[in-house]
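Participant: This is the structure I want to talk about, given as structure tokens.
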Amino acid sequence: MARFSDDMLSRAKELVSLYPDPRSATIPLCHLAQEQDGYVSDEAMAHIAELVGSSAAEVQGTASFYDMLKLEPVGRYVIGVCTNIACMLRGAYEVLEDAEKVLGIPVGGTTEDGLFTLEEVECIAHCDHAPAAQVNYRYFGPLDDESFRSLIARLRDGELDDEVPPHGTLIRVRREAPPAIPMTEIDRERAGDQE
Amino acid sequence: MPDELVSLTFDEHPFQAQKGTKLIDALDAAGIHVPRFCYHPRMSAVGMCRMCLVEVKGPRGVSLQPSCYIDVADGMEVFTESAAVKKAQHGVLEFLLANHPLDCPVCDKGGECPLQDQAFAHGSGETRFVEEKRHYAKPIPISRLIKLDRERCIQCDRCTRFADEIAGEPLIDFAGRGGALRIATFSNVDFDSYFSGNVAQICPVGALTTTPYRFKARPWDLVQSASTCMECDLGCQVSLQSSQNELTRMLGIDSDAINHSWLCDRGRFTTSAVNNLELRVARPRLRDQSRSAEVSWSKALRAAALSIKRTIDERGASAVAIVSGTSLSLETTYAWAKLASDVIRTNAVDGAADLRTDASLLLENPASINQALSASKLVLVNVDPKNELPVMHLRLRAAIRAGLSVIELNTTPTELTPIVDHAIALEPSRLGQAVDEVIAAIGDQVDDVVIVAGSRDRGFGAALNTRVLKDLLERLPGAKVLNGTPHGANAVAVGFTPNAPQVIRSSGGVTPSVSADAIVAGALRGDFGTLIVLDSELTRLGMSEADLEVLGERVTVIALSTFESATTHSAAIVLPLCAFGEEQGSTVNVEWRHLRLGRQVEPLGQARSGWMIAAELASMLGDELGFLTLADVMRDLNQSGGLLAGLGYEYFAESLDGPLFPLSRREEPCAPRILDPMATPGIASVDRQGANFAAGRVVEPTVATGFALDPGKSPQALVSAERGTGDVVRDPDPLAEDEFWLSLVPRLYDVSPSLSANPFLAAWVRDPVLKLSPLQGEQLGLMDGDRCRLIGAATVELGVELTKAFDLSVRSDSRVLVVDGLTPATLSLLENQSWIKVRVEKINGE
Ligand code: SF4
Ligand code: FES
Ligand code: FES
């Protein structure tokens, strides 16, 4: 979609300045881009490359390594239905099939209204509530076709807005970064420790 | 510490190796070849492919370890043939082949493919993989020159490492993960690099191929010879390959002295220009009024001789002028030098139009490329390695990474500027200050300083270049010098330019004393009766196309040329010259190293070698050069007593890299090294078909005897006469408020006949631009993409490009404006003067 907005850009620069080597900020900046647009767009990757001093191909290389960084537009809610063994034994495939029907999209697809993206995922460590799913990495389960439908309905009606922010959201309350402790002070403290 | 040895055993035989060596290299040296894919001797090891696993016995027992990734250690016991190793090799190959499409019958790499070879040698021969393989669209172009077939890729990281580490242009990288890992460019950003062809050479499978070579030939149909790239004078060593009398491709040879197996695209793809028959000059032509007609050689030569003779008779010998700005072979250059000085007896001769500096300074204490790269301090003066000597840029980058300290003195930043230790601005108003800054930057490490002296900025004339170099040498008496001008080394070596010291000239003939610039200007005024242009384009030497017409009315132009150009279209007499790869011979490079030129194909049409033409003209003029064969030329040069005393072809049999001249600079002979077939796949496989590669198919029966080496001879005779450098250095008048100094710098893809004739490279030629730092743009009220008018000796319209990179390196009070790209138009801004003042106006377009 776009490069960083002014507000995001100042956060991005803040992040870059945290690292001795600007490239170390690549992944944090990808998260930031995802927070802004819901996914990491080409324009954002090119912008990140400028900010951290690498090439866009390198940023793409890094970003494409991680499943949780989306390089294509996704819905406001990314639903991952687990089909790993525990969930499978408790009917995950039925849930998944049902989900495809309810949402009208195949696994990997996004609904036309841009609200939902459906994914099939491996164990998400929610086996005690199998069959489990996650929406924007928040856990739900155990699910059956009925509870899945109601989950979708509640998401659609905004009932879960507090619990499940839009895809890409990193934090909802931004804290001020604590004042940086000057290096000299740290060194002095360390020296003190040794004595 | 460097010569500390460790003792270890390979397959129970004791060996010794230098500490710090990679195990795989030690194994190679011991004659044990372990299979490998990702390891490349000129790049850092990554241990990606696991093909090189060997068993190593250590304190914790025997384990499989990648031999490319570990160093030798004392007491190491290494097993390369054990059952575990074999099993590992089978396993790794099975995995590599799991997703490989096995489309070898339609793959360009088939027959010289390391994956194919090693699957035969070390694989299990049967596949157990019955599942669906991964599929991609294939092949996809990742640039105009390179195509990528992702299905074939084995993820060895060679291409991406090259792009990042060697070229410094990470425009390709891996994307995805696991089975979906693939090479990718970024959305619409092509792999536009001067060096892109190298990735196709080093890809161990057919994943990366070059568009010009696709489906051109099968490796077993290729024949090859060792040769030297002539696109610039760095002298990259190449294997020139052909099939059925057509050049097919060029590959870089891993020469320790020069190119470490890399080539730039301009060099690598010259074969496509040679093959472009439509733009080649194939037959001699004479122009009569406005019509030009093909004629026989004898008729053309007679006409040429007549014109020369008439000019001599009517206006004296110095009314015959000879210019060249390209790299001709050493033999051709020498034959023409001899023709000019002994037969025609003219002083209006310059075979090194691009060289704008007193060449005796380059020859007094010459450095080799390797000496330059291992100097305590390296000073780059008015040279842009990337655009002028491209592979030198790669070698410099590698050397800087390894700790070389570089001081750059340039009018315009280069791509090395961000990584050099000191970048010092060269400006007319602060020449002395700039030299002081260099000396300060060198500090007390004055031993072993090397200066690379070029003539990059055309706004910087011979007098200025010479003065800066001389000042530096006065302050650094021990410093060695490496020539940094991309063309003209042969002309300097045989004294075929006024910039060269006289003593190198062999015969007691007339010495050149009129520079190319003066010849061009004089010709336009009608000062000459005959102008002979040796394989050059006059519009590159400062003439406009309109000038060419005027010229034709005043002067008889004789053009010897490989390619058609504005010059051949307007010349009275056109003589076809052999192209690269069509003639045998040799050349010297920037470090005065003698290198072979191989002949792979028959000359096109009636094209002839330049030295033959010189010899024939001489006899038509009633004299003899005494050159019937190449060996005759060589014999003459051998006895010339100058820089090239002792020259001969027999050195080529001794080693891959020829000898340095003067011969007193002879290096330690290095043991012949087997080219790593994995680093240079295409070369070794063709070699196996029986071509005698090491000796090349260089020259017929080696030269006569009596070529005594004279290693004791020192080059002290090469003292310069103070002349030939054109204008005197004046302190420049101060600039008016709206005036700037013009800096005019070349690019690799500046228009030239051989580039225009190259169907694969012609599209890279871009219009010249006014390059500004964003700050300068602000001051001048110019934005990226604007058009402006630049007013110097002429007025030129240019596009504006803002370059962020300039912001860091251009001084904020800089009074220099940079024009990037040489064309007849931008050259007209200068009109052969140094330090032109220019004004800039914005064009307010609609
Ligand atoms: S494309 Fe070739 S060089 Fe690049 S990673 Fe794949 S196999 Fe290696
Ligand atoms: S198996 Fe589904 S959450 Fe673990
Ligand atoms: S891991 Fe050693 S050559 Fe690839």
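The values are calculated or read from the model by the stated rules, or taken from the named source; none is laboratory data. Bear in mind that the values here come from a model prediction, so they are computed numbers and not experimental data. Don't worry about glycine lacking a Cβ; one is built from the backbone with ideal geometry, like all the others, and counts go over all protein chains shown. Note: areas computed on protein heavy atoms with side chains; ligands, DNA, RNA excluded. Shrake-Rupley method; radii C 1.70, N 1.55, O 1.52, S 1.80 Å.
Participant: Six or more apart or on different chains, Cβ atoms under 6 Å: show the pairs whose first residue is in the range B:134-163 and within 11 Å of ligand 1 (Cβ to nearest atom) and of a type in the set (Gly, Ala, Ser) and whose second is at pLDDT 95 or above and outside any loop (DSSP other than H, G, I, E, B).
Facilitator: As it stands, the answer is B:Ala163/B:Ile172, since those pairs meet every condition given.
Participant: What is the one condition in (1) more than 10 Å from ligand 3 (Cβ to nearest atom); (2) within 42 Å of the chain's Cα centre (by Cα); (3) under 26 Å from B:Leu5 (Cβ atoms); (4) in contact (Cβ under 8 Å) with a residue 40 or more places away in the chain that B:Gln89 does not satisfy?
Facilitator: Against the list (1) more than 10 Å from ligand 3 (Cβ to nearest atom); (2) within 42 Å of the chain's Cα centre (by Cα); (3) under 26 Å from B:Leu5 (Cβ atoms); (4) in contact (Cβ under 8 Å) with a residue 40 or more places away in the chain, B:Gln89 comes up short only on (3).
Participant: Something else about it: Testing B:Ala300 on (1) closer than 27 Å to B:Phe580 by Cα; (2) over 28 Å from the mean Cα position of the chain (by Cα); (3) part of a loop (DSSP other than H, G, I, E, B), one condition comes back false. Which one is that?
Facilitator: With respect to (1) closer than 27 Å to B:Phe580 by Cα; (2) over 28 Å from the mean Cα position of the chain (by Cα); (3) part of a loop (DSSP other than H, G, I, E, B), B:Ala300 is out only on (3).
Participant: Still on this model: Looking for something touching a His at 6+ places or on another chain (Cβ under 8 Å), at negative phi and open to solvent by 30 Å² or more (accessible area, probe 1.4 Å) - is there at least one such residue anywhere in the range A:16-23?
Facilitator: no
Participant: Yes or no: the range B:192-208 includes at least one residue that is more than 16 Å from ligand 1 (Cβ to nearest atom), in a strand (DSSP E or B) and within 26 Å of the chain's Cα centre (by Cα).
Facilitator: Checked against the condition, which is being more than 16 Å from ligand 1 (Cβ to nearest atom), in a strand (DSSP E or B) and within 26 Å of the chain's Cα centre (by Cα), the range B:192-208 yields no hits at all.
Participant: Give just the number: which of (1) open to solvent by less than 20 Å² (accessible area, probe 1.4 Å); (2) touching a helix residue (DSSP H, G or I) at 6+ places or on another chain (Cβ under 7 Å) does B:Glu169 not satisfy?
Facilitator: B:Glu169 satisfies every listed condition except (1).
Participant: Please find, among B:Lys86, B:Lys133, the residue that is away from chain A (no Cβ under 11 Å) and either under 18 Å from B:Arg50 (Cα atoms) or in contact with a strand residue (DSSP E or B) (Cβ under 6 Å, 6 or more places away or on another chain) (or both).
Facilitator: Values: B:Lys133 fails: either under 18 Å from B:Arg50 (Cα atoms) or in contact with a strand residue (DSSP E or B) (Cβ under 6 Å, 6 or more places away or on another chain) (or both).
Just one listed residue meets the conditions, B:Lys86.
Participant: Show me the strands (runs of 3 or more DSSP E) entirely contained within the range B:531-600 in which 2 or more residues are surrounded by fewer than 23 Cβ atoms within 10 Å (Cβ to Cβ). Break it down into steps so the answer makes sense when it comes.
Facilitator: Details: elements: B:556-561, B:573-576, B:585-588, B:594-597.
The strands (runs of 3 or more DSSP E) meeting that bar number zero.
Participant: Within the range B:210-293, considering only strands (runs of 3 or more DSSP E) that don't extend past its boundaries, which have at least 1 residues that are open to solvent by 20 Å² or more (accessible area, probe 1.4 Å)?
Facilitator: Of the strands (runs of 3 or more DSSP E) lying wholly inside the range B:210-293, those with at least 1 residues that are open to solvent by 20 Å² or more (accessible area, probe 1.4 Å) span B:223-228, B:246-252, B:285-288.
Participant: Looking at A:Tyr77, A:Tyr93, A:Tyr66 in this structure, which one is more than 14 Å from chain B (Cβ to nearest Cβ), within 26 Å of A:Ala132 (Cβ to Cβ) and open to solvent by 60 Å² or more (accessible area, probe 1.4 Å)?
Facilitator: A:Tyr93
Participant: Here's another thing I want to ask about it. Looking only at the range B:16-48, how many residues end up being out of contact with any strand residue (DSSP E or B) (no Cβ under 6 Å at 6 or more places or on another chain) and either in contact (Cβ under 8 Å) with a residue 60 or more places away in the chain or within 16 Å of ligand 1 (Cβ to nearest atom) (or both)?
Facilitator: So the answer is 14.
Participant: Can you pull out every residue in the range B:63-74 that is touching a residue at least 40 places away in the same chain (Cβ under 8 Å) and open to solvent by less than 50 Å² (accessible area, probe 1.4 Å)?
Facilitator: The answer is B:Ser67, B:Cys68, B:Ile70, B:Val72, B:Ala73.
Participant: Give the residue, chosen from B:Phe10, B:Phe15, that is within 40 Å of the chain's Cα centre (by Cα), away from ligand 3 (no atom under 14 Å from the Cβ) and either outside the structural domain of B:Cys156 (by TED's automatic domain parsing) or open to solvent by less than 50 Å² (accessible area, probe 1.4 Å) (or both). Don't jump to the end; show me each part of the working.
Facilitator: Values: B:Phe10 fails: within 40 Å of the chain's Cα centre (by Cα).
Exactly one residue qualifies, and that residue is B:Phe15.
Participant: How about the range A:24-54: which of its residues are crowded, with 21+ Cβ neighbours inside 10 Å, free of Cβ contacts under 8 Å to residues at least 60 places away in the same chain and not in a helix (DSSP H, G or I)?
Facilitator: Passing the criteria: A:Val40, A:Ser41.
Participant: Please go through (1) within 14 Å of another protein chain (Cβ to nearest Cβ); (2) buried (at least 22 other Cβ atoms within 10 Å of the Cβ); (3) of a type in the set (D, E, K, R) for B:Glu112 and return the number of the only condition it doesn't satisfy.
Facilitator: Checking B:Glu112 against (1) within 14 Å of another protein chain (Cβ to nearest Cβ); (2) buried (at least 22 other Cβ atoms within 10 Å of the Cβ); (3) of a type in the set (D, E, K, R), the one that fails is (1).
Participant: Here are B:Arg60, B:Arg36, B:Arg50, B:Arg42: which of them is more than 14 Å from chain A (Cβ to nearest Cβ), within 11 Å of ligand 3 (Cβ to nearest atom) and either open to solvent by 50 Å² or more (accessible area, probe 1.4 Å) or modelled with pLDDT of 95 or more (or both)?
Facilitator: B:Arg50
Participant: Specify the residue that is surrounded by the fewest Cβ atoms within 10 Å (Cβ to Cβ); the eligible residues are those in the range B:172-191 that are part of a helix (DSSP H, G or I) and within 12 Å of chain A (Cβ to nearest Cβ).
Facilitator: B:Gly178
Participant: I need a count of the residues in the range A:104-147 that are open to solvent by 20 Å² or more (accessible area, probe 1.4 Å), under 26 Å from A:Leu71 (Cβ atoms), more than 14 Å from ligand 2 (Cβ to nearest atom) and not in a loop (DSSP other than H, G, I, E, B).
Facilitator: 1
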